1. For segment 128-161, enumerate the residues that are modelled with pLDDT of 95 or more and in a loop (DSSP other than H, G, I, E, B).
2. Could you go through segment 199-206 and let me know if any residue there is part of a strand (DSSP E or B), under 20 Å from Asp149 (Cβ atoms) and either aromatic (Phe, Trp, Tyr) or at pLDDT 90 or above (or both).
3. For segment 177-206, enumerate the residues that are more than 19 Å from Phe3 (Cα to Cα) and charged (D, E, K, R).
4. Has segment 171-193 got any residue that is part of a helix (DSSP H, G or I) and at pLDDT 95 or above?
5. So Thr22 ticks every box in (1) more than 16 Å from the chain's Cα centre (by Cα); (2) at negative phi; (3) modelled with pLDDT of 75 or more but one. Which box is left unticked?
6. Tell me yes or no: at least one residue of segment 144-152 is farther than 27 Å from His29 by Cβ, in contact (Cβ under 8 Å) with a residue 60 or more places away in the chain and touching an Asp or Glu at 6+ places or on another chain (Cβ under 9 Å).
7. Going by the conditions given, is Ala242 within 16 Å of Ser180 (Cα to Cα), at pLDDT 70 or above, in contact with a Phe, Trp or Tyr (Cβ under 8 Å, 6 or more places away or on another chain) and not charged (D, E, K, R)?
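The values are calculated or read from the model by the stated rules, or taken from the named source; none is laboratory data. Fair warning: this is a prediction, and the values are worked out from it, not measured in the lab. As a convention, Cβ positions derive from the backbone with ideal geometry for all residues, glycine included, and neighbour counts pool all protein chains shown.
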Amino acid sequence: MSFIIAVAGKGGSGKTTVAALTIRYLVRHGRTPVLAVDADPNANLGEALGLEAGADLAAILAEIGKGGLASLATDKLAHVEARVHDALAEGRDVDLLAMGCPDGQGCYCFANAVLRDQYARLARNYPYIVVDNEAGLEHLSRRTTSRADVLVVVSDASVRGVRAAGRIASLADRLKLDISSACLLVTKVHGRLAPELRRAIQATGLEFAGVLPYDPLVARYDEAGHPLIELPDETPVVRWFAPVVNGWLDAMETRKEPGKVCPLKRTVSSGEAGSAR
């Protein structure tokens, strides 16, 4: 069974950076092959990984079901499966799948079911899957992310961002998605977290995974279009992130062992939230 790390958060929170850094860690530590899933219609995970995405799955569905997505009949589904690899960008250790978003009017239930089914079929070939979700809440209500070993809810270092992260986690809980653990990661941190921000983090009720410092090299890579997966090992954000993702992996692997207790289950304390320097 694959280990799935799903990344969610509002726009501009740094979720694609977190997804790319997670994949970077997996590759550097030999945990390959990795399937990177870009579930955001505004797809840019490929750029962060240095991969050019192919046609997305939703576009393939729309092309095959010209009469409307709901008109896709059983005989066309076999053709969909044959076309899935058109949407797969293959790299050395990482393959990229762009999900896209169903287009047009009407209910997307059937289209989303097909997207999930094709993604599930492909995912069986990968021990690790990292999903970069659409900004906000829509991807959860469409159940694009229906299962995850860890749901990482990302926020920038603002009270408004942390509160939005809390709403995302609450929606996931109400939808009763198959998520083993959810945690909060605060990014773009300058110095210590303000008391108001620590209180907002505490109020979400989420497990606190830690903070990532603001790193100007990440901004320079983004500006120049350099893949984030190529960031040097000594980059501050890479060094801070390594123990965080290692904790997720330890927790996921522990949960797979009968009788073991997941060590990730914890709540942020005031001192812990203020540990960024």
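1. Ala157, Ser158 - these are the residues of segment 128-161 that are modelled with pLDDT of 95 or more and in a loop (DSSP other than H, G, I, E, B).
2. Looking for residues that are part of a strand (DSSP E or B), under 20 Å from Asp149 (Cβ atoms) and either aromatic (Phe, Trp, Tyr) or at pLDDT 90 or above (or both), one finds none in segment 199-206, hence no.
3. Selection gives Lys188, Arg192, Glu196, Arg198, Arg199.
4. From segment 171-193, those part of a helix (DSSP H, G or I) are 171-174; that's our starting set.
Subsequent filtering for residues that are at pLDDT 95 or above retains none.
No, the conditions are met nowhere in segment 171-193.
5. (1)
6. Scanning segment 144-152 turns up at least one residue that is farther than 27 Å from His29 by Cβ, in contact (Cβ under 8 Å) with a residue 60 or more places away in the chain and touching an Asp or Glu at 6+ places or on another chain (Cβ under 9 Å).
7. No: the conditions fail for Ala242.
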